[in-house]
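The values are calculated or read from the model by the stated rules, or taken from the named source; none is laboratory data. Being a predicted model, the structure only gives us computed values, none of them experimental. Here the Cβ positions follow ideal geometry from the backbone for every residue, glycine too, while neighbour counts run over all protein chains shown. What goes into the accessible areas is simple: the full protein's heavy atoms, side chains included, and nothing from ligands, DNA or RNA. Shrake-Rupley method; radii C 1.70, N 1.55, O 1.52, S 1.80 Å.
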Amino acid sequence: MEEKIENLIKLPIAENLKFAKFIAANRKKFISSPKITAQKSTSSNSDLILGLLSEGHVTKAIIELRELSYDEFLKEESIFNSFILKEISEKFDAPKEKLDYFCHRLNGMDNTNFDSLRDNVRDIFGMYSGYISPYIYQLCLSNTQSRRSRAGSVFEGIIYFLYEHYGYPYASQASIGKKNFSDLGLGKVVDSILPSVDAFNQRRDKTIVGTMKTTLRERWQEVVEEVARSNLPNIHLLTVDDTISSDKADQMAKHNIVLVVRDDIKSRNELRHRRSIIDFETYFLDELPSTLKFWK
């Protein structure tokens with residue numbers, strides 16, 4: 001194994017673009033949407049999730065679903081990574097040529113016993129991995145970017161899954177398109193309307209307009225701007241953020257934002273008596289049924 005192999009340093013621009021498109025096209029095939037991931041997680045852990053929901057523990061169900069959905073996503077991502085790394089030796093010339101070269105070398109080595117075979121495979125695998133490292137780097141970079149963008153989508157998918165679990169009709173930007181929301185005078189901040197767009201056109205004060213954010217930071221100010229711009233009577237902001245201060249809660253209440261939080265956040269001394277803050281249990285089991293009753 002004394003021969004040195006010159007590794008690829010970086011992918012040419014054309015090759016990088018081709019590989020990026022290959023990753024994106026196959027990511028859609030192997031990685032489920034957040035809502036489907038939540039459904040799979042529930043199906044695989046039905047006793048736990050459905051048990052929590054039947055007992056009214058919506059917050060705990062959401063927390064468990066976020067963790068289980070991430071585990072489910074990691075399983076799919078692992079299969080996706082294996083497929084990509086396997087296929088590059090078929091779809092891309094440089095890895096294909098180098099794999100053929102290494103296989104020929106392995107075929108000509110002494111593999112008469114297990115120890116020598118293992119050592120030779122280990123060395124070949126190490127050299128091939130080093131050679132294709134720019135492809136591995138681009139794949140890891142794509143995975144990191146995908147995980148970041150997916151974090152908020154997972155929470156959103158779980159909420160939509162719960163709407164469907166409870167049989168609550170809703171319209172989302174994801175399901176009916178951004179243009180339909182734009183035609184209503186609503187921006188990208190609004191994620192959903194319950195029960196429907198038609199109901200919103202008839203009596204917007206009798207609908208639930210919702211937006212979802214895993215963390216608030218300063219992004220809640222976007223919601224304030226949306227309420228003012230769209231002339232909404234109020235908007236429900238669903239979050240799993242655990243850093244909600246009383247000052248921030250006061251500011252949101254002044255701008256007609258109903259904050260929907262975990263039950264342990266709502267029970268804090270400084271938040272428990274604020275009517276502009278409700279927990280997920282109150283939202284799903286009281287507020288939504290009460291609002292939707294108007295449309296029956």
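What about residue 211, is it hydroxyl-bearing (Ser, Thr, Tyr), modelled with pLDDT of 90 or more and closer than 22 Å to residue 294 by Cα?
Numbers: hydroxyl-bearing (Ser, Thr, Tyr): yes; modelled with pLDDT of 90 or more: yes; closer than 22 Å to residue 294 by Cα: yes.
Yes.
Name the single residue, out of those in segment 169-178 being open to solvent by 30 Å² or more (accessible area, probe 1.4 Å) and either over 24 Å from the mean Cα position of the chain (by Cα) or at pLDDT 90 or above (or both), that is nearest to residue 230 (Cα to Cα). Working first, answer last.
To start, the set of residues in segment 169-178 that are open to solvent by 30 Å² or more (accessible area, probe 1.4 Å) comprises 169-170, 174-176, 178.
Right, trim to either over 24 Å from the mean Cα position of the chain (by Cα) or at pLDDT 90 or above (or both) and you get 169-170.
Details: 169: 22, 170: 19 Å.
Checked segment 169-178; the qualifying residue nearest to residue 230 (Cα to Cα) is 170.
Of all residues in segment 148-163, how many are of a type in the set (D, E, K, R) and in contact (Cβ under 8 Å) with a residue 24 or more places away in the chain? Explain how you work it out, then say what you get.
Pass one, segment 148-163, residues of a type in the set (D, E, K, R): 148, 150, 156.
Still in the running and in contact (Cβ under 8 Å) with a residue 24 or more places away in the chain: 150, 156.
The number of residues fulfilling the criteria is 2.
Quick check on segment 150-162. Is at least one of its residues part of a helix (DSSP H, G or I), farther than 24 Å from residue 241 by Cβ and not basic (Lys, Arg)? Let's see the steps before the verdict.
Looking only at segment 150-162, we keep the residues that are part of a helix (DSSP H, G or I), and these are 150-162.
From what's left, farther than 24 Å from residue 241 by Cβ: none.
No - not one qualifying residue is present in segment 150-162.
Determine the pairs where a residue that is within 9 Å of residue 102 (Cβ to Cβ) and of a type in the set (Phe, Trp, Tyr), located within segment 120-132, has a partner that is open to solvent by 30 Å² or more (accessible area, probe 1.4 Å) and at pLDDT below 90 with Cβ atoms under 8 Å apart, the partner being 6 or more residues away or on another chain.
128/98; 128/99; 131/5; 131/7; 131/8; 131/98
Please list, ordered by residue number, the helices (runs of 4 or more DSSP H) wholly in segment 1-88 having 2 or more residues that are closer than 28 Å to residue 104 by Cα.
Values: elements: 13-30, 34-44, 46-54.
Correct list: 13-30.
Please enumerate the residues belonging to segment 179-200 that are under 25 Å from the mean Cα position of the chain (by Cα) and open to solvent by less than 30 Å² (accessible area, probe 1.4 Å).
Listed by number, the residues that qualify are 181, 186, 187, 189, 190, 191, 192, 193, 194, 195.
All but one of (1) within 20 Å of the chain's Cα centre (by Cα); (2) more than 24 Å from residue 64 (Cα to Cα); (3) surrounded by fewer than 21 Cβ atoms within 10 Å (Cβ to Cβ) hold for residue 234; which doesn't?
Unmet condition: (1).
Taking the condition of being open to solvent by 20 Å² or more (accessible area, probe 1.4 Å) and of a type in the set (Ser, Thr, Tyr), how many residues in segment 213-231 meet it? Before the answer, list the steps.
First, pick out the residues of segment 213-231 that are open to solvent by 20 Å² or more (accessible area, probe 1.4 Å): 214-215, 217-219, 221-222, 224-225, 228-229, 231.
If we keep only those that are of a type in the set (Ser, Thr, Tyr) too, we end up with 214-215.
Result for segment 213-231: 2.
State which residue is least open to solvent (accessible area, probe 1.4 Å) when the search covers only segment 126-157 and only residues that are under 13 Å from the mean Cα position of the chain (by Cα) and at pLDDT 90 or above. Reasoning before the result, please.
Step one: of segment 126-157, the residues under 13 Å from the mean Cα position of the chain (by Cα) are 143-157.
Subset that is at pLDDT 90 or above: 143-144.
Details: 143: 12, 144: 59 Å².
Result: 143.
Give just the number: which of (1) closer than 19 Å to residue 170 by Cα; (2) open to solvent by less than 50 Å² (accessible area, probe 1.4 Å); (3) at pLDDT below 90 does residue 296 not satisfy?
That leaves (2) as the condition not met.
Can residue 82 be described as in contact with an Asp or Glu (Cβ under 8 Å, 6 or more places away or on another chain), over 30 Å from residue 50 (Cβ atoms) and among the hydroxyl-bearing types (Ser, Thr, Tyr)? Show your work before the answer.
Working: in contact with an Asp or Glu (Cβ under 8 Å, 6 or more places away or on another chain): no; over 30 Å from residue 50 (Cβ atoms): yes; among the hydroxyl-bearing types (Ser, Thr, Tyr): yes.
Answer is no for this residue.
Can you name the residue in segment 242-271 that is among the β-branched types (Val, Ile, Thr) and over 17 Å from residue 287 (Cβ atoms) and is also surrounded by the fewest Cβ atoms within 10 Å (Cβ to Cβ) among such residues? Give the steps one after another, and end with the answer.
Within segment 242-271, the subset among the β-branched types (Val, Ile, Thr) is 243-244, 257-258, 260-261, 265.
So of that shortlist, the ones also over 17 Å from residue 287 (Cβ atoms) come out as 243-244.
Details: 243: 10, 244: 21.
Residue satisfying both the conditions and the ranking: 243.
State whether one or more residues within segment 169-186 are acidic (Asp, Glu) and under 30 Å from residue 285 (Cα atoms). Quick ask: steps written out before the conclusion?
Within segment 169-186, the subset acidic (Asp, Glu) is 183.
With under 30 Å from residue 285 (Cα atoms) added as a condition, the list becomes none.
No - not one qualifying residue is present in segment 169-186.
Please state which one of 48, 52, 65, 99 is crowded, with 17+ Cβ neighbours inside 10 Å, over 19 Å from the mean Cα position of the chain (by Cα) and under 30 Å from residue 238 (Cα atoms).
Details: 48 fails: crowded, with 17+ Cβ neighbours inside 10 Å; 65 fails: over 19 Å from the mean Cα position of the chain (by Cα); 99 fails: under 30 Å from residue 238 (Cα atoms).
The unique qualifying residue is 52.
Inspect all residues belonging to segment 106-117 and state whether any of them is at pLDDT below 90 and touching a strand residue (DSSP E or B) at 6+ places or on another chain (Cβ under 9 Å).
no
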